Every structure is written in C-alpha cells, then in structure tokens.
Amino acid sequence: MTTNRKTFRNINALTDLPSYRLPAAGWVSILHRISGAVMFVLLPFILWIFDRSLTSELSYEGLTASFAQGIGVVPGAALKLVALVLLWAFLHHLFAGVRHLVMDATHRVTKGFGRSSAQATLVLSLALTALLGAKLFGLY
C-alpha cells in the first residue's frame, strides 16, 4: 500500500513568488527587519535632529525652520517625509518587538495568536503613523 506524499520542488522566483500570499505574520517579520535597517540608516538624521533640538533655543528655531522651508536644495516636505518614514520605522519596530516579547514570555505561539497579534501590530503602527504624520504635516 503506497501513500501519496506531497512532493517538494524548487520554486521559480519569477513565476511563483508574485502569486504567493504571505500571511500577516510574515509581513510583520519582514517589515520588522526593514524598519530596523531604516532606523540604522537614518541614525545620522536622528542624531542631527536630536542635536539641533537640544543645543539652544536658536538651533531649535533653525530646526523648525528647516522643516518648514528646507535646507539648501532639499525642501522641507522632503525632510518631513523622511521624518514620517522614521516615525513608521520606530513604531513598527516597537510594536513588532513587543509582539515578539509577549510571544516569548507567554509561550503563545499558536497560529491564531500569531495572526491576530500580527494584524494588531500592522494596524497600530500604521494608525499611529498616520496620526503623527498628520500632526507633522500640520493637519491639526
């Protein structure tokens, strides 16, 4: 008596990957790595903002003016966009990290908890990014 076993084959990245549906936990995992890399790459920008905001009142006014008017050929909207990307990276990395800590501490590694916590991570990070982005761009 023979049983039909599932056969495994190599995938073709050009034909198979575009049709593959990644679950929410997979997206959170990939975005967690991307957000960490974004924060690392933008570390000089973070340090520049931190330095300009704390050195003196005059340097803080210069920082706020640079976000309003720009610096040289870089418009202020581009600086705000970089800050928005940085906000998303921080918030997503924070929520995904807390998700991993909860899973490690409570040993909740079920498929249902993974799906719901991944969806919560995505919704919270995007909602707070939109809220803080609206504040950054002066919508309220």
Please work out the average accessible area per residue across the chain, using the 1.4 Å probe convention, and give it in Å². 73 Å²
Listed residues L17, G76, H32: farthest to the positive end of the dipole of the chain (Cβ charges): L17
Compute the normalised compactness of the range 79-138: alpha-carbon radius of gyration over 2.2 N^0.38 Å, N being the residue count. 1.30
Would you calculate the separation in nanometres between label points at L132 and L101, each defined as 7 Å from the Cα along the Cα-to-beta-carbon direction? 1.6 nm
Which angle between 0 and 90 degrees, to the nearest 10, do you get for helix 111-136 versus the longest principal axis of the chain when only C-alpha atoms count? 20 degrees
Just the C-alpha atoms of the chain: what Rg/Rh do they give, with Rh taken as the Kirkwood radius? 1.15
How compact is the range 1-55 by the rule of thumb for globular proteins, expressed as Cα Rg over 2.2 N^0.38 Å? 2.15
Return one number: the angle in degrees, 0 to 90 and rounded to the nearest 10, between the long axis of the Cα atoms of helix 24-41 and the longest principal axis of the Cα atoms of the chain. 30 degrees
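The values are calculated or read from the model by the stated rules, or taken from the named source; none is laboratory data. This is a predicted model, so every value here is computed, not measured. With ideal geometry, Cβ positions are generated from the backbone for all residues, glycine too; neighbour counts draw on all protein chains shown. Remember, those area values only see protein heavy atoms, side chains included, never the ligands or the DNA or RNA. Shrake-Rupley method; radii C 1.70, N 1.55, O 1.52, S 1.80 Å.
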